[in-house]
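Engineer: Please see the structure below; I have some questions.
The values are calculated or read from the model by the stated rules, or taken from the named source; none is laboratory data. The model shown is predicted, which means the values in this text are computed figures rather than measured ones. Glycine also receives a Cβ, built like all others from the backbone with ideal geometry; neighbour counts cover every protein chain displayed.
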Amino acid sequence: MNTWKRYDLLKQSIKHYSSCPRLESVHIVWSEPDPPSDNLLKFLHHVVKSKSKDGRYVKLRFDINKEDSLNNRFKEIKDLETDAVFSIDDDVIFPCSTVEFAFDVWQSAPDTMVGFVPRVHWVDSMEGNDNKFIYGGWWSVWWTGTYSMVLSKAAFFHKKYFNIYTNEMPSSIREYVTKNRNCEDIAMSFLVANATGAPPIWVKGKIFEIGSTGISSLGGHSERRTECVNRFAAVYGRMPLVSTSVKAVDSRNIWFW
């Protein structure tokens, strides 16, 4: 879970996800200049312990980082016992049943990113060549019915991608992310697509966004994201993202599917 100085949201999210029955551990990516307070530590450990029932014990870890970089959310976790990682922001909540369904989908394609927040790219026809692209947000996905990324604010992926992101992905991409404080999620989408040659899988789910501000709320967000897509494609020497129109839906929860 990625967090930044939103302790009430962090408490609310940890309290919720700790109750999910198939959770093994919670790792909080901490990049603030000061360490977590004793009161925060005490509260979160108490919450996690109170949710650990029927012989199930959920571990809680703070991954403390000296540098404030969005790349920190993809640093390798040495004591991670599961192959599956659910990457989530502190201001996003899904019902446990929805997360478990996404986990089941991920198990059917464990090399793929499986997530709830789709985004798309397409060739910029105005530029007159196939090497310039445009980043599209949710309304572009809704309008076209296609997507080529799922954002890491709410997505499953294999833990091996932590190591690839930190140690094998071109360092210029990590440097760009740190400098511009944006696009680590796009970088991970590029990495996984480059490794698999396959599209991600979008899972339909009810999302509750309990926060109000973030990078995406700033002006010029789409333009900066478009710049990231083009910069990363140039680094890879091609466009690795693969578009698809497939959506995973839990048919137990709907009348028509």
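Engineer: Which numbered condition in (1) modelled with pLDDT under 95; (2) in contact with a helix residue (DSSP H, G or I) (Cβ under 9 Å, 6 or more places away or on another chain); (3) buried (at least 17 other Cβ atoms within 10 Å of the Cβ) is the only one that K59 fails?
Structural biologist: (3)
Engineer: Considering only segment 196-204, I want to know if a residue exists there that is within 30 Å of Y7 (Cβ to Cβ), at pLDDT 95 or above, touching an Asp or Glu at 6+ places or on another chain (Cβ under 8 Å) and assigned to a loop (DSSP other than H, G, I, E, B).
Structural biologist: no
Engineer: Select from segment 162-196 the residues that are among the hydroxyl-bearing types (S, T, Y) and within 24 Å of H221 (Cα to Cα) and list them in ascending order.
Structural biologist: The answer is Y165, S171, S172, Y176, T178, S189.
Let's see how each residue does on (1) of a type in the set (A, V, I, L, M, F, W, C); (2) under 14 Å from N72 (Cα atoms):
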| site | (1), (2) |
| --- | --- |
| M149 | yes, no |
| A154 | yes, no |
| F157 | yes, no |
| P170 | no, no |
| I173 | yes, yes |
| V177 | yes, yes |
| E184 | no, yes |
| A187 | yes, yes |
| F190 | yes, no |
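Engineer: Examine segment 234-255 for a residue that is of a type in the set (D, E, K, R), touching a residue at least 12 places away in the same chain (Cβ under 8 Å), buried (at least 16 other Cβ atoms within 10 Å of the Cβ) and in a helix (DSSP H, G or I), and state whether such a residue exists. Talk me through it step by step, then tell me what you get.
Structural biologist: Restricting attention to segment 234-255, the residues satisfying the condition of being of a type in the set (D, E, K, R) are 238, 247, 250, 252.
Retained after the next criterion (residues that are touching a residue at least 12 places away in the same chain (Cβ under 8 Å)): 247, 250.
So of that shortlist, the ones also buried (at least 16 other Cβ atoms within 10 Å of the Cβ) come out as 250.
Still in the running and in a helix (DSSP H, G or I): none.
No, segment 234-255 has no match at all.
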